[in-house]
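J.: Please see the structure below; I have some questions.
The values are calculated or read from the model by the stated rules, or taken from the named source; none is laboratory data. Predicted model, so just to flag it, every value in this text is computed and none were measured. As a convention, Cβ positions derive from the backbone with ideal geometry for all residues, glycine included, and neighbour counts pool all protein chains shown.
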Amino acid sequence: MAEKKTFYVTTPIYYPSNKLHVGNSYTTVAADAMARFKRLTGYRVWFLTGTDEHGQKIQRQAEAAGKAPADFVDEIVAWIKELWNELDIEFDDFIRTSEPRHKDKVSRIFERYYEQGDIYKGKYEGLYCTPCEAYWTERQLDDGNCPDCGRKVELIDEEAYFFKMSRYADRLLEHIETHPEFIQPPSRKNEMINNFLKPGLEDLCVSRTSFDWGIPVPFDRDHVIYVWLDALSNYITALGYGEEGSLYDQFWPADVQLIGKDILRFHTIYWPIFLMALGEPLPKTVFGHGWLMLQEGKMSKSKGNAIDPMVLAGRYSSDALRYFLLREIPFGQDGVFSLEAFITRINNDLANDLGNLVSRTLTMAERYFDGVLPEPSAGDRATDHELSRTALNTPGAVEAAMDQMKISDALAGLWLLVRQSNKYIDDNMPWSLAKDPANRERLGTVIYNLIESIRFIGVMLKPYMPRTPESIWEQLNIKADKDLQEWESLAGWGRIKPGTVVKRGDDLFPRLNLQAEIRAMRADKPAEETAVDQSAPAEEQAGLINLEQFQQVDLRVAEISDAERVPKSDKLLKLEVDLGEETKRQVAAGLAEYYQPEELIGKQVIFVANLKPVKLRGILSQGMLLAAVSADGVPVLTAVDRKIAPGSRVS
Ligand code: ME8
């Protein structure tokens, strides 16, 4: 049997200085999705994460908490592991830089640099940002402050060891220029070249004497090794670098090292130079993703304004949080985390699109076939081909996107199949087919195809939302049939067996009430955070509404499927509109003077779907069509720019 291809993916190792926030979870969730995707598609994967425990910042925080650094970090590391467990992060190894397996190797690496003349002893007089654990020159400061975090820098004057970065600068520049995949996304490459490499690399101070929470320099124990040299080495020490027959031989160089853009300099300048000095190959790709911001600005552990991922996962499920993080922001760009956007995604993509597809299909399978999956007939209807073709093409599209680290695009591609499946229901109207026994075979084919499509979706969802497929397998009754859950099973259409007894389960994602969620989450927040939102009266007086108020109106695309005049009324038309729901809605609209019934049929209009029903001239009206009104009072119906599935949300 051929050897499996390997895939090594890493996250930054986080400072256990405080609980992690949703931004740190973002990197780890992305790495986990990548790792799971590669495992699913046949790779032997090694996924490493961990904690960066040394340094002045941690030592000071431990002191402030009245604890020894080791005890201080132990507690936070336990919490971090619990968080990863909660978010279904399936790492293969978790490295702590305080572990002997790491410390011993870093000492040896440092010694080797010294022996081969990469490190020499000198005196450091300069500026240091403790929160970032970074050295700066006067010229690099931003208004006298750290250019990365904006905080005050400290003047340091101490004897220290230096690494001769300039020895490797030309080789690094050449590597970056000849390996376009090394720094991703490509937009970040020039920043590194122009801001750091081109102006000339200064030697890097790689030891400190003013504190002792670190790995001692083996031959000069008053010094501890600079925390970034210590931390960056984790990516190879965890693999057992230097040991005979270790994982290092199988997995290095890393395929993707995922980091936030804030630490790109450390990973694309220092790290490759440290590796070059060891004569080791460089990682294939270092991917610097964007920032997840709050509406009020940057989130940060030390600012304490962060959103607790444990709370979000506990309340909304880790699958929902993972989906949001991976789908909302094109990987690489900055994005905003807001509860509104989060709940809206859950409602639209997870409750409406995915949840409804599964619950509608299983309800119909039970109602029309007692849950026994019918045999499909080998018809050649265009709609069946369209569905199976989309399903068969989706794995390739998802894989292509993942290979370029376009995780959000991968999910968008998968959702095309989800939506296509919903459209398939609307196009085939199983509830109409069910009315006539002559259509029984056709009805069976439609239900079969939908179930098979849901199976496809379940398999492809696994890397992103590991729990939801389990619930789908349960409902499809294929929990024990592992073959049907594998990526390879997506190579052919129609693998789920007729006769399988499916059973509708709980809704995958119940619809949430945005207002209620905002109120509930706000109740958990400290007063100063809520105060921001209470400053709105001036806006309200000016007649403005906020986003939440707007979102109370459920606007949908409705397709008019029938229209007729109302006897004895000049003004009213009785319409039937399709909102993608199982039954159509009836509406009485004051359009008879302006539109002929025939011209309305097939039109897609914007529709208010959550208006209280009323009776007009004895006709029940379940919603309202939106129209613009001209100066002389003529209503002109609103339309959508191009055809879209009935029921699509307008927002
Ligand atoms: O820098 N949006 O650790 P750290 C997106 N120990 N990602 C964010 C984020 C945000 N708002 N905030 C943080 C360190 N991150 C070092 C790393 S590696 C050898 C040493 C993510 O705890 C992002 O990936 O400050 C960033 O690079 C990482 O958390 C920094 O975590």
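J.: Could you please find all residues in segment 487-502 being assigned to a loop (DSSP other than H, G, I, E, B) and exposed (fewer than 15 other Cβ atoms within 10 Å of the Cβ)?
T.: Selection gives GLY492, GLY494, LYS497, PRO498, GLY499.
J.: Scan segment 152-172 for residues that are surrounded by fewer than 16 Cβ atoms within 10 Å (Cβ to Cβ) and among the hydrophobic types (A, V, I, L, M, F, W, C) and jot them down.
T.: LEU155, the sole residue that qualifies.
J.: Taking the residues in segment 389-411 that are among the small types (Gly, Ala, Ser) and touching a helix residue (DSSP H, G or I) at 6+ places or on another chain (Cβ under 7 Å) as candidates, determine which candidate is nearest to PHE331 (Cα to Cα).
T.: By that ranking, first place goes to SER408.
J.: If you go through segment 246-266 one residue at a time, how many are within 13 Å of the ligand (Cβ to nearest atom) and not aliphatic (A, V, I, L, M)?
T.: 6
J.: Does PHE47 meet the test of being assigned by TED's automatic domain parsing to the domain that holds ILE307, modelled with pLDDT of 95 or more and either more than 14 Å from the ligand (Cβ to nearest atom) or of a type in the set (Ser, Thr, Tyr) (or both)?
T.: Yes.
J.: If you don't mind, there's one more thing I want to ask. Residue check: is GLU90 in a loop (DSSP other than H, G, I, E, B), closer than 24 Å to SER17 by Cα and modelled with pLDDT of 95 or more?
T.: Judged against the criteria, GLU90 is a match.
J.: Test ASP212 against the stated conditions and say whether it is of a type in the set (Asp, Glu) and either within 14 Å of the ligand (Cβ to nearest atom) or in contact with a helix residue (DSSP H, G or I) (Cβ under 7 Å, 6 or more places away or on another chain) (or both).
T.: Spelling it out, it is not the case that ASP212 is of a type in the set (Asp, Glu) and either within 14 Å of the ligand (Cβ to nearest atom) or in contact with a helix residue (DSSP H, G or I) (Cβ under 7 Å, 6 or more places away or on another chain) (or both).
J.: Here is a further query. Name the single residue, out of those in segment 216-238 being within 14 Å of the ligand (Cβ to nearest atom), in contact with a His (Cβ under 9 Å, 6 or more places away or on another chain) and among the hydrophobic types (A, V, I, L, M, F, W, C), that is nearest to PRO131 (Cα to Cα).
T.: Across segment 216-238, the extreme among qualifying residues is VAL227.
J.: Of the residues LEU620, LEU611, which is surrounded by fewer than 19 Cβ atoms within 10 Å (Cβ to Cβ), part of a strand (DSSP E or B) and not polar (S, T, N, Q)?
T.: So the residue among LEU620, LEU611 that is surrounded by fewer than 19 Cβ atoms within 10 Å (Cβ to Cβ), part of a strand (DSSP E or B) and not polar (S, T, N, Q) is LEU620.
J.: Among the numbered conditions (1) of a type in the set (Asp, Glu); (2) under 36 Å from the mean Cα position of the chain (by Cα); (3) more than 25 Å from SER207 (Cβ to Cβ), tell me where ASP170 comes up short.
T.: (2)
J.: Scan segment 99-119 and tell me whether some residue there is in a strand (DSSP E or B) and modelled with pLDDT of 95 or more.
T.: yes
J.: What residue, among those in segment 26-73 that are polar (S, T, N, Q) and in contact with a strand residue (DSSP E or B) (Cβ under 9 Å, 6 or more places away or on another chain), is surrounded by the most Cβ atoms within 10 Å (Cβ to Cβ)?
T.: Per the stated criteria, the residue is THR49.
J.: Shifting gears a bit: Please go through segment 249-262 and give me each residue that is buried (at least 20 other Cβ atoms within 10 Å of the Cβ) and either modelled with pLDDT under 95 or part of a helix (DSSP H, G or I) (or both), ordered by number.
T.: PHE251
J.: Which ones in segment 58-102 are closer than 29 Å to THR468 by Cα, among the aliphatic types (A, V, I, L, M) and without any contact (Cβ under 8 Å) to a residue 24 or more places away in the chain?
T.: ALA78
J.: Could you pull out the residue among LEU321, LEU325 that is under 17 Å from LEU512 (Cβ atoms) and out of contact with any strand residue (DSSP E or B) (no Cβ under 6 Å at 6 or more places or on another chain)?
T.: Result: LEU321 is the single residue among LEU321, LEU325 that is under 17 Å from LEU512 (Cβ atoms) and out of contact with any strand residue (DSSP E or B) (no Cβ under 6 Å at 6 or more places or on another chain).
J.: Hey, could you check segment 44-79 for residues that are part of a helix (DSSP H, G or I) and among the aromatic types (Phe, Trp, Tyr) and say which is farthest from LEU20 (Cα to Cα)?
T.: Ranking the qualifying residues of segment 44-79, first place goes to PHE72.
J.: With out of contact with any strand residue (DSSP E or B) (no Cβ under 9 Å at 6 or more places or on another chain) and over 15 Å from LYS103 (Cα atoms) as the only criterion, which of LYS189, LYS198 stands out?
T.: LYS198
J.: Restricting attention to segment 50-76, report how many residues are more than 15 Å from the ligand (Cβ to nearest atom) and under 31 Å from the mean Cα position of the chain (by Cα).
T.: Of the residues in that region, 2 qualify.
J.: Right, another one. Mind checking which residues of segment 408-442 are without any contact (Cβ under 8 Å) to a residue 12 or more places away in the chain and not in a helix (DSSP H, G or I)?
T.: Hits for segment 408-442 are MET429, LYS435, ASP436.
J.: Give all pairs with beta carbons closer than 8 Å in which a residue from segment 114-135 that is away from the ligand (no atom under 16 Å from the Cβ) meets a residue that is among the basic types (Lys, Arg) and in a loop (DSSP other than H, G, I, E, B); count only pairs at least 6 apart in sequence or on separate chains.
T.: Note: pairs meeting the criteria are GLY117/LYS164; ASP118/LYS164; ILE119/LYS164; TYR120/LYS164.
J.: Which of (1) without any contact (Cβ under 8 Å) to a residue 40 or more places away in the chain; (2) part of a loop (DSSP other than H, G, I, E, B) does LEU173 not meet, given it meets every other one?
T.: In the conditions (1) without any contact (Cβ under 8 Å) to a residue 40 or more places away in the chain; (2) part of a loop (DSSP other than H, G, I, E, B), LEU173 misses (2) alone.
J.: Quick test of your reading of the structure: PRO281 fulfils all but one of (1) more than 22 Å from THR51 (Cβ to Cβ); (2) within 10 Å of the ligand (Cβ to nearest atom). Name the failing condition by number.
T.: Condition (2) is where PRO281 drops out.
J.: Quick one: in segment 572-591, of everything that is of a type in the set (D, E, K, R) and buried (at least 16 other Cβ atoms within 10 Å of the Cβ), which residue is farthest from the chain's Cα centre (by Cα)?
T.: Top of the filtered list is LYS574.
J.: Restricting attention to segment 1-35, which residues are of a type in the set (Phe, Trp, Tyr), farther than 24 Å from PRO69 by Cβ and within 14 Å of the ligand (Cβ to nearest atom)?
T.: TYR26
J.: So GLY200 passes all but one of these: (1) away from the ligand (no atom under 16 Å from the Cβ); (2) assigned to a loop (DSSP other than H, G, I, E, B); (3) within 32 Å of the chain's Cα centre (by Cα). Which condition number does it fail?
T.: Result: GLY200 passes all but (3).
J.: Considering each of MET299, MET364 in turn, give the residue that is over 20 Å from the mean Cα position of the chain (by Cα) and touching a residue at least 24 places away in the same chain (Cβ under 8 Å).
T.: One residue alone meets the criteria, MET364.
J.: Moving on to the next point. Condition first: more than 10 Å from PHE607 (Cβ to Cβ) and either among the acidic types (Asp, Glu) or under 48 Å from the mean Cα position of the chain (by Cα) (or both). Now tell me which residues in segment 556-571 satisfy that.
T.: Passing the criteria: SER561, ASP562, ALA563, GLU564, ASP570.
Residue-by-condition table, conditions (1) in contact with a helix residue (DSSP H, G or I) (Cβ under 6 Å, 6 or more places away or on another chain); (2) in contact (Cβ under 8 Å) with a residue 60 or more places away in the chain; (3) within 9 Å of the ligand (Cβ to nearest atom):
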| site | (1), (2), (3) |
| --- | --- |
| THR268 | yes, yes, no |
| MET276 | yes, yes, no |
| THR285 | no, yes, no |
| HIS289 | no, yes, yes |
| MET293 | no, no, yes |
